[in-house]
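Readers should treat all values here as calculations from the given coordinates under stated rules, not as data from a laboratory. None of these values were measured; they are calculated from a predicted model. Cβ placement follows ideal geometry from the backbone for every residue including glycine, while neighbour counts extend to all protein chains displayed.
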Amino acid sequence: MSKKKINIGLIGCGFMGRTHSNGYNRIRNFFPNLAYQPVLHTVCARNGEKARAFADQWGYANAVTDWRDVVNNDEIDAIDICTPNDSHAEIAIAAAKKGKMVLTEKPLARNLEESREMVEAVEAAGVANTVWYNYRRIPAVTLAKQLIDAGKLGRIFHYRANFLQDWTISAKLPQGGEGLWRMDAAVAGSGVTGDLLSHCIDTAIWLNGSIGNVTAMTETFVKERMHQLTGQVQEVKIDDACAFLCRFTNGSLGIFESTRYARGHKALYTFEINGEHASIRWDLHDLNRLEYFENSDEGRVKGWRSIHVTDGDQPYMDKWWVPGLGIGYEHSFIHQAADFFASLESGQPCSPTFREALETQAVCEAVLESAATGTWKDVILAVQQKRSYAEKTL
């Protein structure tokens, strides 16, 4: 079967650059029937030696140090943005103006205004786009979506999720700079809300529908830290912890919590959904399992069942091993990359698109505004509506 080549330009070669590159590399092995195939054309990083070493390790033909060289290269078809959040909007808008497909790491941007401009840019250009909210593509999570859409749970009453880490507890940890940009509000936009809760929110909207309003609280436990780039002690402006309540538009209630101060937790992401007929729950630490409670079961055997999501008739699993053998975190990126290239063939958008991710950004913004004001906030995509992207560029 003749393949249509899509030349990839990757901007940023940190942790997420590795996950995306691994995804592209594995498609030819495990999704051989796709009509489109990625070609690793160019990687960009500010450090030339790192960029070249990354290119050699992952198979990129070229390495550059200026992202504009990637965007302006007519040979490159798709721009994959794996940079800190403060550069997402500038790169994505420039890429869209050049007619490039755009893929970007989450969150979409630092705030709702930047995110909206990105949406307007890709839609004005008519280019394919997606955001790497990869947890949707874990087979057990996709199975949860299928069960909900099939009506197995009936009316949904409750959704609860958390994402817990512990890596920023030390007061001696600096903020800003390479490896620690998530601690710098000017670069990241927010703390755990944009970094961790955005994953929980995206999954929740996908599984349970839109969130209508929120009430939240945040806390910054260490108020000042040395900035790694300047050596100066500065105020910490990101949120170390966030918890919020919400109402979904389907009438269900939600509880969300995230922190980087949960000693003993490196990446505990869980969700549970309680419905009229059944409940489901999932834990990233046991990602191949979906727990399911069916109320119609006979009383003597009624209880939580553990579904090992490895059979070939379960989502994505026909591409992998034999039943009983699990897959890992990295496979979620392979699945998303494969779904993106499949979408080019079908002409259907690859979810979540920038516009879909805009809704997650709007929830994050409402959460932060609620925490700042101590009031309930509606989730409104048109908050502080600015001039359109097209008007700004006339």
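Loop-only GluC sites (Glu not before Pro) in the range 257-332, please: DSSP not H, G, I, E or B, and at most 15 other Cβ atoms within 10 Å.
Glu276, Glu298
Please identify, among Gly254, Gly14, Gly264, the residue showing maximal mean-square fluctuation in a Gaussian network model of the chain using a 10 angstrom Cα cutoff.
Between Gly254, Gly14, Gly264, it is Gly264 that shows the largest mean-square fluctuation.
Below 8 Å, C-alpha to C-alpha, sequence gap of six or more: please give me the relative contact order for the range 245-394 in percent.
9
If you find the alpha carbon centre of the range 243-278 and of the range 1-47, how far apart are they in angstrom?
Using only Cα atoms to place each centre, the spacing works out to 33 Å.
Per residue, what volume in Å³ does the Cα convex hull of the range 67-116 take up? Provide the component values of the computation, followed by the final result.
Numbers: hull volume 3.2 nm³, N = 50.
Measuring per residue, one finds 64 Å³ for the Cα hull of the range 67-116.
Multiplying the sequence separation of Gln37 and Lys97 by 0.36 nm and subtracting their Cα-Cα distance, what value in nm do you get?
Full extension of this stretch gives 19.2 nm more.
Determine the equivalent ellipsoid of the range 161-264 by diagonalising the alpha-carbon gyration tensor, then write out the semi-axes as square roots of 5 times the eigenvalues, largest first, rounded to whole Å.
Equivalent ellipsoid of the range 161-264: 29, 12, 11 Å, largest first.
Please state, rounded to one decimal and in Å, the Kirkwood hydrodynamic radius that the range 286-343 gives when every pair of distinct Cα atoms enters the mean of 1/r.
13.3 Å is the Kirkwood radius here.
If each of Ser210 and Ala342 carries a label point 7 Å out from its Cα toward its Cβ, how far apart are those two points in nm?
A separation of 2.7 nm, rounded to one decimal place.
If packing is taken as the mean number of other Cβ atoms within 10 Å per residue, what is the order of 112-123, 227-238, highest first?
Highest to lowest by the protection proxy: 112-123, 227-238.
If you place +1 on the Cβ of every Lys and Arg, -1 on the Cβ of every Asp and Glu, and leave all else neutral, what size is the dipole of the chain about its Cα centre, to the nearest 20 Debye?
340
Kindly state, to the nearest 0.05, the FRET efficiency for Asn25 paired with Lys266, given R0 = 30 Å and r defined as their beta-carbon distance. Mind dumping the intermediate values first?
Details: r = 26 Å, r/R0 = 0.87.
About 0.70, to the nearest 0.05.
Running a GNM on the chain with Cα contacts under 10 Å, which residue among Leu197, Leu344, Leu153 ends up with the highest mean-square fluctuation?
Comparing Leu197, Leu344, Leu153 in a Gaussian network model of the chain, the most mobile one is Leu344.
From the mean inverse distance of alpha carbon pairs (Kirkwood) and the Cα radius of gyration, derive Rg over Rh for the chain.
We get a ratio of 0.96 for the chain.
So if I place +1 on the C-beta of Lys and Arg and -1 on the C-beta of Asp and Glu, and nothing else carries charge, what would the dipole magnitude of the range 164-260 be about its Cα centre? I want it in debye, nearest 20. Write down the numbers at each step before the final one.
Details: 7 positive and 11 negative charges, 16 e Å.
Charge dipole, the range 164-260, about its Cα centre: 80 debye, nearest 20.
If you average over every viewing direction, what projected area does the convex hull of the Cα atoms of the range 1-43 give, in nm²?
Spelled out: convex hull of the Cα atoms, projected over all directions, averaged, 2.9 nm².
I need the per residue convex hull volume for the range 210-365, using only the alpha carbons, in cubic angstrom as a whole number.
Once divided by residue count, the hull of the range 210-365 is 213 Å³.
Contour minus end-to-end for Ser296 and Ala171, with contour as 0.36 nm per residue of separation and end-to-end as the Cα-Cα distance?
39.9 nm
For the range 8-96, max minus min Cα coordinate along each principal axis, in Å, sorted largest first?
That works out to 36, 28, 23 Å along the principal axes.
Could you work out the relative contact order of the range 1-110? I mean the mean sequence separation of Cα pairs under 8 Å and 6+ apart, divided by the number of residues, in percent.
The normalised contact order for the range 1-110 reaches 28 percent.
Given Cα pairs under 8 Å that are at least 6 residues apart, what percent is the relative contact order of the chain?
Taking the mean separation of contacting Cα pairs over the length of the chain, I get 20 percent.
Along its three principal axes, how long is the range 1-158 when you only count alpha carbons? Whole Å, largest extent first please.
Sorted from largest, the Cα extents of the range 1-158 read 54, 41, 28 Å.
Highest GNM mean-square fluctuation, the chain, Cα pairs closer than 10 Å: which of Phe163, Phe341, Phe15?
Phe15
Residues of the range 339-353 with the amide nitrogen closer than 15 Å to a label point 7 Å from the Cα of Lys4, along Cα-to-Cβ, please.
339-350
If I stretch the segment between Met226 and Asn72 completely, what's the gain in nm (0.36 nm per residue apart, minus their alpha carbon distance), one decimal? Mind showing how you got there, number by number?
On the way: separation 154, 0.36 × 154 = 55.44 nm, distance 3.72 nm.
Full-extension gain reported as 51.7 nm.
Report the antiparallel proportion of the DSSP beta bridges in the chain as a percent, rounded to a multiple of 5.
Values: 41 of 71 bridges.
Percentage antiparallel, nearest 5: 60.
Which value, in debye to the nearest 20, gives the size of the charge dipole of the range 238-308 about its Cα centre, when Lys and Arg are +1 and Asp and Glu are -1 at the Cβ?
160
How many nm separate the modelled label positions at Val233 and Lys50, each set 7 Å beyond the Cα in the direction of the Cβ?
Label-label distance for Val233 and Lys50, simple model: 2.8 nm.
When every alpha-carbon pair in the range 226-282 is counted, what percent end up more than 12 Å apart?
Roughly 78 percent, rounded to a whole number.
Along each principal axis of its Cα atoms, how long is the range 139-180 end to end? Whole angstroms, biggest number first, please.
Extents along the principal axes: 50, 21, 14 Å.
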